[in-house]
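Engineer: Structure in structure tokens, see below.
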Amino acid sequence: MIETDRLILREWRDADRAPFAAMNADAEVMRYFPATMNRAQSDALIDRERGRLAHRGIALMAVETKAGGAFIGFVGLAPADTGTAIDEYLEIGWRLKRDAWGHGYASEAARAVLSWAWAHTDERRIVSFTSRINEPSWRVMRRIGMTERPDLAFDHPKVPDDSPLKPHVVYMIDRPEGT
């Protein structure tokens, strides 16, 4: 578990399944992904992250607010798994419910995850990537201290060729000295 002033990042619970499925079925939340997710796909993502946490000690973790305990999405670490040069690094990623946008939660949680990663892993750098048109996510990347790496930009092999989501930007952050 990771805590910030306003948030708790924690293991997934069965009670997260319904709100997570609703979030993943929201076309606005998923506008920078090729498709929304149905309940089975959403549940499978939770199951995958539970397994990853149990076996690797890292995962995309459920996020809830301290005030009220509302589930608002996920933030965490995962293998990049893009089929590109960035796959040697861990990715930091996030997805939040629409009503959690605009409160600084993604940046707050992502900073805490980076601090955790530097303290608990030997990773020398961490990446984040998104479709070029996903300005909200790359603004978060900049806010948490990541730098764009145009040399690592790629067309995502899992996105259809005719999709405006295919071109991806990559941001990276190096381990701070002394950590």
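The values are calculated or read from the model by the stated rules, or taken from the named source; none is laboratory data. Keep in mind the model is a prediction, meaning the values are calculated, not measured. With ideal geometry, Cβ positions are generated from the backbone for all residues, glycine too; neighbour counts draw on all protein chains shown. What goes into the accessible areas is simple: the full protein's heavy atoms, side chains included, and nothing from ligands, DNA or RNA. Shrake-Rupley method; radii C 1.70, N 1.55, O 1.52, S 1.80 Å.
Engineer: Working only within segment 94-113, note down all residues that are open to solvent by 10 Å² or more (accessible area, probe 1.4 Å), under 14 Å from the mean Cα position of the chain (by Cα) and not aromatic (F, W, Y).
Structural biologist: Selection gives R95, L96, K97, A106, E108, R111, A112.
Engineer: Among I86, I58, which is the only one that is in contact (Cβ under 8 Å) with a residue 60 or more places away in the chain, touching a Gly at 6+ places or on another chain (Cβ under 8 Å) and surrounded by 15 or more Cβ atoms within 10 Å (Cβ to Cβ)? Walk me through it before giving the result.
Structural biologist: Details: I86 fails: touching a Gly at 6+ places or on another chain (Cβ under 8 Å).
When all the criteria are applied, what remains is I58.
Engineer: Let me ask something additional. Take R142 and decide whether it is surrounded by 15 or more Cβ atoms within 10 Å (Cβ to Cβ), assigned to a helix (DSSP H, G or I) and modelled with pLDDT of 95 or more.
Structural biologist: Numbers: surrounded by 15 or more Cβ atoms within 10 Å (Cβ to Cβ): no; assigned to a helix (DSSP H, G or I): yes; modelled with pLDDT of 95 or more: yes.
In short, no.
Engineer: Read through the list (1) part of a strand (DSSP E or B); (2) of a type outside the set (F, W, Y); (3) modelled with pLDDT under 95, then give the number of the only condition that G93 fails.
Structural biologist: Among (1) part of a strand (DSSP E or B); (2) of a type outside the set (F, W, Y); (3) modelled with pLDDT under 95, the lone unmet condition for G93 is (3).
Engineer: What are the pairs, 6+ residues apart or on separate chains, where a residue within segment 34-45 that is closer than 19 Å to A15 by Cβ and in a helix (DSSP H, G or I) has its Cβ under 6 Å from a residue that is open to solvent by less than 50 Å² (accessible area, probe 1.4 Å) and charged (D, E, K, R)?
Structural biologist: D43/R17
Engineer: Any residue in segment 4-14 that is farther than 23 Å from M172 by Cα, open to solvent by 60 Å² or more (accessible area, probe 1.4 Å) and either assigned to a helix (DSSP H, G or I) or of a type in the set (S, T, N, Q) (or both)? Outline the logic, then answer.
Structural biologist: Narrowing segment 4-14 to residues farther than 23 Å from M172 by Cα: 5-8, 10-14.
Retained after the next criterion (residues that are open to solvent by 60 Å² or more (accessible area, probe 1.4 Å)): 5-6, 11, 13-14.
When the remaining residues are screened for being either assigned to a helix (DSSP H, G or I) or of a type in the set (S, T, N, Q) (or both), the result is 14.
Yes, because at least one residue in segment 4-14 is farther than 23 Å from M172 by Cα, open to solvent by 60 Å² or more (accessible area, probe 1.4 Å) and either assigned to a helix (DSSP H, G or I) or of a type in the set (S, T, N, Q) (or both).
Engineer: Here is a follow-up. All but one of (1) more than 15 Å from the chain's Cα centre (by Cα); (2) of a type in the set (D, E, K, R); (3) in a strand (DSSP E or B) hold for D162, so report the exception by its number.
Structural biologist: Condition not satisfied by D162: (3).
Engineer: Those residues that are open to solvent by less than 20 Å² (accessible area, probe 1.4 Å) and of a type in the set (G, A, S), I need them from segment 64-78; list them, please.
Structural biologist: G73, G76, A78
Engineer: If you scan segment 114-135, which residues turn out to be in a helix (DSSP H, G or I) and open to solvent by less than 50 Å² (accessible area, probe 1.4 Å)? Steps first, please.
Structural biologist: So in segment 114-135, the residues in a helix (DSSP H, G or I) come out as 114-120, 135.
Of everything in segment 114-135, those that are in a helix (DSSP H, G or I) and open to solvent by less than 50 Å² (accessible area, probe 1.4 Å) turn out to be L114, A117, W118.
Engineer: What do you reckon, is S107 in contact with a strand residue (DSSP E or B) (Cβ under 7 Å, 6 or more places away or on another chain) and modelled with pLDDT of 95 or more?
Structural biologist: It is false that S107 is in contact with a strand residue (DSSP E or B) (Cβ under 7 Å, 6 or more places away or on another chain) and modelled with pLDDT of 95 or more.
Engineer: Just the residues that are open to solvent by 40 Å² or more (accessible area, probe 1.4 Å) and in contact (Cβ under 8 Å) with a residue 12 or more places away in the chain, please, taken from segment 23-33.
Structural biologist: Keep residues of segment 23-33 that are open to solvent by 40 Å² or more (accessible area, probe 1.4 Å), which gives 25, 27-28, 31-33.
Those that are open to solvent by 40 Å² or more (accessible area, probe 1.4 Å) and in contact (Cβ under 8 Å) with a residue 12 or more places away in the chain: A25, E28, Y32, F33.
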